[in-house]
1. Taking residue 202 as the residue in question, decide whether it is within 11 Å of the ligand (Cβ to nearest atom) and either surrounded by fewer than 17 Cβ atoms within 10 Å (Cβ to Cβ) or at pLDDT 95 or above (or both).
2. Within segment 127-165, track down each residue that is charged (D, E, K, R) and out of contact with any helix residue (DSSP H, G or I) (no Cβ under 8 Å at 6 or more places or on another chain).
3. Does residue 174 count as in contact (Cβ under 8 Å) with a residue 60 or more places away in the chain, in contact with a helix residue (DSSP H, G or I) (Cβ under 7 Å, 6 or more places away or on another chain), over 18 Å from residue 243 (Cβ atoms) and surrounded by 13 or more Cβ atoms within 10 Å (Cβ to Cβ)?
4. How about segment 188-209: which of its residues are closer than 26 Å to residue 3 by Cβ, over 20 Å from the mean Cα position of the chain (by Cα) and of a type outside the set (A, V, I, L, M, F, W, C)?
5. Give, as residue ranges, the strands (runs of 3 or more DSSP E) completely inside segment 175-265 that count at least 2 residues that are in contact with a Phe, Trp or Tyr (Cβ under 8 Å, 6 or more places away or on another chain).
6. With more than 16 Å from the ligand (Cβ to nearest atom), at pLDDT 95 or above, more than 17 Å from residue 253 (Cα to Cα) and not in a loop (DSSP other than H, G, I, E, B) as the only criterion, which of 133, 149 stands out?
7. Filter segment 10-27 down to the residues that are of a type in the set (Gly, Ala, Ser) and assigned to a strand (DSSP E or B), then identify the one that is farthest from residue 86 (Cα to Cα).
8. Would you point out the residue of segment 205-226, among those that are of a type outside the set (Ser, Thr, Tyr) and closer than 20 Å to residue 258 by Cα, that is nearest to the ligand (Cβ to nearest atom)?
Amino acid sequence: MRYPKDLAVWEYAPGRKLAQIVFSLKNVKGALAQVSTAVSESDINMLSGFESATSASKVGTWSFFADITDARDDVESLRKKLLAVPVVVGVEILLAEDGFMVDTQHFPVRFSNRRALILRTDALSEMVSHMWSVFGSGAATIIDQMAESMGRYTAQEMIEDFGKEFVVNALEEVLQTYSALGYADIGIVRRESSESVSVHARELFECEANARNNLRRKSIFFRGHLRGFMSAIFQADFEVTEVQCRAEGDDACTFLVARVESIVPRMPLSSEEKA
Ligand SMILES: [Zn+2]
């Protein structure tokens, strides 16, 4: 079972009075409980949001969009009331009267302390599709190379963050990052004491788009990314073969990932060496 991860980029509720409420909170036990009690006492309906409080920081952030149409207090009284909660360090309340509100309070977007960018999969698939229509099958090479370098770079970042040995030992968990980032719902089978893995990808964004558009076209982006990622982790050449694909009517996509065995051809001995 996976739960969807909805990123709070904007809120749209025509006819409702919306707010975005951003708290700086002391990073202590029970902080969220204290604040959420104060918020719900004001008859505010909390909508999508997020919290961030790393173990190392003394102050965390809790932000959410809220429907304040039926709120008991006006904004100034609400602000005072929330500031009076002992764990609250600061609070910002922004309003939208027209039922539409974009998150203007958070930048940069990060994950694992590095700048990140949120893309919608259909927009990315459209870009890939457009490249096909302009460059034909040559687009595959361009996309494959772009994805491979992206995979390699991602692996290098992970090695910098966690160390190579850790990444190799935790490979199954590390590859789950593809699920956490929304590429596909990933399942990993690692062959014991081997660098080969099978990656089962349900709902892989690019093959889902191809299946929807009746294109019998296997993955290019994910396959290239995975090859680059594994090659950089193990500092060796890897090959990735997609043996099942949604775009070809299978339930999910399955990729076999294996190190390329270097084949050194046996040269016949010359007459001088024989002697
Ligand atoms: Zn596929």
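1. On the way: within 11 Å of the ligand (Cβ to nearest atom): yes; either surrounded by fewer than 17 Cβ atoms within 10 Å (Cβ to Cβ) or at pLDDT 95 or above (or both): yes.
The answer is yes for residue 202.
2. 157, 160, 161, 165
3. Numbers: in contact (Cβ under 8 Å) with a residue 60 or more places away in the chain: no; in contact with a helix residue (DSSP H, G or I) (Cβ under 7 Å, 6 or more places away or on another chain): yes; over 18 Å from residue 243 (Cβ atoms): yes; surrounded by 13 or more Cβ atoms within 10 Å (Cβ to Cβ): yes.
Considered against the rule, which asks whether it is in contact (Cβ under 8 Å) with a residue 60 or more places away in the chain, in contact with a helix residue (DSSP H, G or I) (Cβ under 7 Å, 6 or more places away or on another chain), over 18 Å from residue 243 (Cβ atoms) and surrounded by 13 or more Cβ atoms within 10 Å (Cβ to Cβ), residue 174 comes out as no.
4. 190, 198
5. In segment 175-265, 197-202, 238-244, 253-259 are the strands (runs of 3 or more DSSP E) which contain 2 or more residues that are in contact with a Phe, Trp or Tyr (Cβ under 8 Å, 6 or more places away or on another chain).
6. On the way: 133 fails: at pLDDT 95 or above.
The unique qualifying residue is 149.
7. Looking only at segment 10-27, we keep the residues that are of a type in the set (Gly, Ala, Ser), and these are 13, 15, 19, 24.
Filter again for assigned to a strand (DSSP E or B), leaving 19, 24.
Working: 19: 22, 24: 12 Å.
Here the residue is 19.
8. 218
The values are calculated or read from the model by the stated rules, or taken from the named source; none is laboratory data. Since the model is a prediction, treat every value here as computed from it, not as a measurement. Please note: Cβ atoms are built from the backbone with ideal geometry, for glycine as well, and neighbour counts cover all protein chains shown.
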